[in-house]
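Here is the structure we will look at.
The values are calculated or read from the model by the stated rules, or taken from the named source; none is laboratory data. Remember, predicted model here, so these are calculated numbers, not experimental data. Cβ: placed from backbone, ideal geometry, glycine included. Neighbour counts: every protein chain shown.
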Amino acid sequence: MKPNSRLHARPSVRLAAVPLSVAALTGCGTPEATRQPNIVIMMTDDHTCQALSCYDNRLVETPNLDRLAREGMLFENCYVANAISGPSRACILTGKYSHKNGFTDNSRTFDGSQQTFPKLLHDAGYQTAMIGKWHLNSEPQGFDFWSILVAQGEYYSPLFIENGEEKIEPGYVTDVITDKAIGWLEQRDKDRPFAMLYYHKAPHRNWMPAQRHLGIYDDKVFPEPETLLDDYATRGRAAREQEMEIGRHMWPEWDLKLISPEQLRSDLGEAEQESDANKADVKRANDWLSSVKQFQDAYNRMTDEEKTRWDAAYAPRLAEWEKIRGTASPEEIVRWKYQQYMRDYCAVIKGVDENVGRLLDYLEKIGELDNTIVIYTSDQGFFLGEHGWFDKRFMYEECQRTPLLVRYPKAVAAGTRSKALAMNIDYAPTLLDFAGVEIPADIQGRSLKGVLTSKGEIPAEWRTGVYYHYYEYPSWHSVKRHYGIRTERYKLIHFYNDVDEWELYDLQEDPNELRNRYDDPAYAAVREEMHARLKELQAEADDTDPDELQSEFFQGVENL
């Protein structure tokens with residue numbers, strides 16, 4: 001999506017002085033036993049567990065990501081504190097919940113002066129870099145080098161701000177980010193450990209594949225989720241009043257590429273003349289114009305040769321749509337749109353997997369792979385048709401849960417899995433712990449080092465529940481504000497602000513979260529216990545009056 005503003009002021013990036021003792025510890029010739037590990041965090045945007053074959057092989061094969069699981073540890077139960085892009089990134093940087101780091105929703109500006117784990121690593125002698133999608137509405141601090149996408153970024157010929165200077169990079173965004181990562185590694189100081197945040201735009205909406213992947217899944221029929229045609233009859237207003245249904249809320253032009261080359265290449269004013277049928281509904285007309293304009297902007301970032309290949313790749317889909325749109329039933333339309341959605345989403349994942357492999361191969365080539373803690377994660381999960389939805393935000397399992405893979409053969413046994421309840425606020429203390437850096441007392445996450453070094457065993461006194469709080473309403477997709485607790489078996493959610501509704505799910509008996517048991521007498525004791533545990537978690541998180549924190553009304557198309 002086209003950004004509507006620049007980032008804020010551009011402070012120059014300065015290198016912090018390296019303490020002599022740390023420099024000596026990490027210098028050339030350091031004994032292997034005392035060497036601090038390098039760190040690479042690989043993060044994607046909206047890559048859900050259902051689309052990694054090491055978690056679930058029904059949709060897409062991800063051999064390079066599977067390598068991380070095969071050679072390291074896979075966390076089966078990692079959860080985010082707030083399932084939306086910017087807030088999740090702020091949680092990862094600070095090791096703190098959203099209400100503590102101040103970035104509760106995407107309309108906020110991240111306070112870069114606050115404590116973050118890259119700053120702490122930098123002060124301990126690490127050279128640091130941030131490359132790719134930042135999405136925090138302020139410039140990175142604590143990095144020797146940074147090159148970030150503006151707002152959401154573009155798939156083709158993306159605009160970066162690199163150490164304060166704008167530059168448009170030709171090519172496909174996932175490839176370009178990897179090129180930049182490898183380029184920085186090539187010029188780094190070889191005598192010091194490094195920590196690099198390697199953050200991809202993909203597979204964020206609108207799922208534009210690389211040229212080499214156009215049409216690769218056109219012949220595949222993807223399995224439908226059991227709840228694709230969910231009618232929300234057993235849940236409250238939050239599930240019924242959202243605006244993220246594949247059938248009703250996907251923009252045909254922007255999301256599904258249902259727009260002719262002639263429209264894409266035309267003046268928007270001319271295209272508007274063709275939309276008389278839409279003008280009867282103002283909201284629908286505005287959505288249509290936004291959909292066309294945004295896709296035109298993205299399309300026009302391609303070269304003429306790329307446009308020609310793109311037009312040819314999507315011509316069959318457009319022809320099929322014209323054939324069925326007036327005759328198919330609503331259920332058939334949902335099923336058809338789901339297939340197109342999956343074809344694009346999984347093709348974009350293909351580019352991510354290839355580039356993860358490229359970076360792993362480079363680290364192996366230079367002899368640093370086994371000296372490096374490699375983490376792969378996403379800013380949250382994503383709905384791939386479950387409940388008929390796309391997008392995220394809800395505390396439901398598909399988006400609260402996020403992938404977490406960790407490879408570090410010096411401490412993490414290959415091919416291990418853990419059921420420990422992990423959170424994205426745990427990444428910061430874990431990395432500080434492995435680096436031998438003191439973990440500040442105000443960090444709210446817990447180090448996963450004990451889990452990683454014990455073949456996934458859950459330590460004594462480990463958490464038995466995870467806390468969640470979502471604030472971005474009213475805003476895109478109309479997901480109501482809510483908070484709650486998830487334990488090994490149960491989930492309790494409170495939707496608030498313009499509603500006051502509670503939901504309770506038994507995940508063992510109802511993994512699809514279809515039957516709200518909150519008012520079921522058979523679950524009265526469970527409900528009471530979950531309320532007590534929720535209060536305990538809120539006290540631990542210092543979120544003791546959650547209904548009173550009001551998120552400002554969000555505006556800005558870049559945060560779709």
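Just a few scattered comments:
- Selected residue [under 18 Å from the mean Cα position of the chain (by Cα) and either under 30 Å from Asp287 (Cβ atoms) or of a type in the set (Asp, Glu) (or both)] from Tyr470, Tyr427: Tyr470
- Residue in the stretch 357-372 that is closer than 29 Å to Ile493 by Cα and among the acidic types (Asp, Glu) present: no
- Flag if Lys100 is out of contact with any strand residue (DSSP E or B) (no Cβ under 8 Å at 6 or more places or on another chain), in contact (Cβ under 8 Å) with a residue 24 or more places away in the chain and buried (at least 23 other Cβ atoms within 10 Å of the Cβ): no
- Scan of the stretch 155-176 for residues that are closer than 21 Å to Val356 by Cβ and assigned to a loop (DSSP other than H, G, I, E, B), ordered by number: Tyr155, Pro158, Glu169, Gly171
- Out of Asn64, Asn57, sole residue that is surrounded by fewer than 23 Cβ atoms within 10 Å (Cβ to Cβ) and within 26 Å of Ile182 (Cα to Cα): Asn64
- Condition check for Arg393: of a type outside the set (Ser, Thr, Tyr) and surrounded by fewer than 24 Cβ atoms within 10 Å (Cβ to Cβ): no
- The residues listed here are Asn497, Asn512; of these, the one that is under 18 Å from Glu397 (Cβ atoms), within 26 Å of the chain's Cα centre (by Cα) and surrounded by fewer than 19 Cβ atoms within 10 Å (Cβ to Cβ) is Asn512.
- Within the span defined as the stretch 380-401, every residue fails to be aliphatic (A, V, I, L, M), over 19 Å from Pro225 (Cα atoms) and either touching a residue at least 60 places away in the same chain (Cβ under 8 Å) or not in a loop (DSSP other than H, G, I, E, B) (or both).
- Failed item, numbered, when Ala280 is tested on (1) among the aliphatic types (A, V, I, L, M); (2) at pLDDT below 95; (3) under 21 Å from Ser85 (Cα atoms): (3)
- Taking each residue of the stretch 312-329 that is assigned by TED's automatic domain parsing to the domain that holds Leu214 and looking for partners that are in a helix (DSSP H, G or I) and of a type in the set (D, E, K, R) with beta-carbon atoms closer than 9 Å, six or more apart or interchain, yields Arg317/Arg343; Ile324/Glu332; Ala328/Arg335.
- Total residues in the stretch 177-199 satisfying the condition of being under 22 Å from Gly351 (Cα atoms) and either without any contact (Cβ under 8 Å) to a residue 24 or more places away in the chain or part of a helix (DSSP H, G or I) (or both): the figure is 9.
- Matching entry among Ala233, Ala238, Ala151 (being in contact (Cβ under 8 Å) with a residue 12 or more places away in the chain and either in contact with a Leu (Cβ under 7 Å, 6 or more places away or on another chain) or under 30 Å from Arg515 (Cα atoms) (or both)): Ala238
- Glu503 being outside the structural domain of Gly153 (by TED's automatic domain parsing), acidic (Asp, Glu) and either at pLDDT below 95 or surrounded by 18 or more Cβ atoms within 10 Å (Cβ to Cβ) (or both): yes
- Annotation note: of Leu421, Leu405, the sole residue that is in the same structural domain as Gln50 (by TED's automatic domain parsing), modelled with pLDDT of 95 or more and out of contact with any helix residue (DSSP H, G or I) (no Cβ under 9 Å at 6 or more places or on another chain) is Leu421.
- The residues in the stretch 521-548 that are surrounded by fewer than 16 Cβ atoms within 10 Å (Cβ to Cβ), closer than 20 Å to Lys480 by Cβ and modelled with pLDDT under 95 can be counted, and the count is 3.
- Residue check for Ala319: part of a helix (DSSP H, G or I) and in contact with a His (Cβ under 6 Å, 6 or more places away or on another chain): no
Residues checked against (1) surrounded by fewer than 24 Cβ atoms within 10 Å (Cβ to Cβ); (2) among the acidic types (Asp, Glu); (3) over 22 Å from Asn206 (Cβ atoms):
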| position | (1), (2), (3) |
| --- | --- |
| His122 | yes, no, yes |
| Pro140 | no, no, yes |
| Ser147 | no, no, yes |
| Tyr156 | yes, no, no |
| Leu159 | yes, no, no |
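- For Arg446, the test of being out of contact with any Asp or Glu (no Cβ under 7 Å at 6 or more places or on another chain) and within 30 Å of Asp510 (Cβ to Cβ) is failed.
- Filtered residue count, the stretch 129-149, keeping only those that are on the phi > 0 side of the Ramachandran plot and in a loop (DSSP other than H, G, I, E, B): 3
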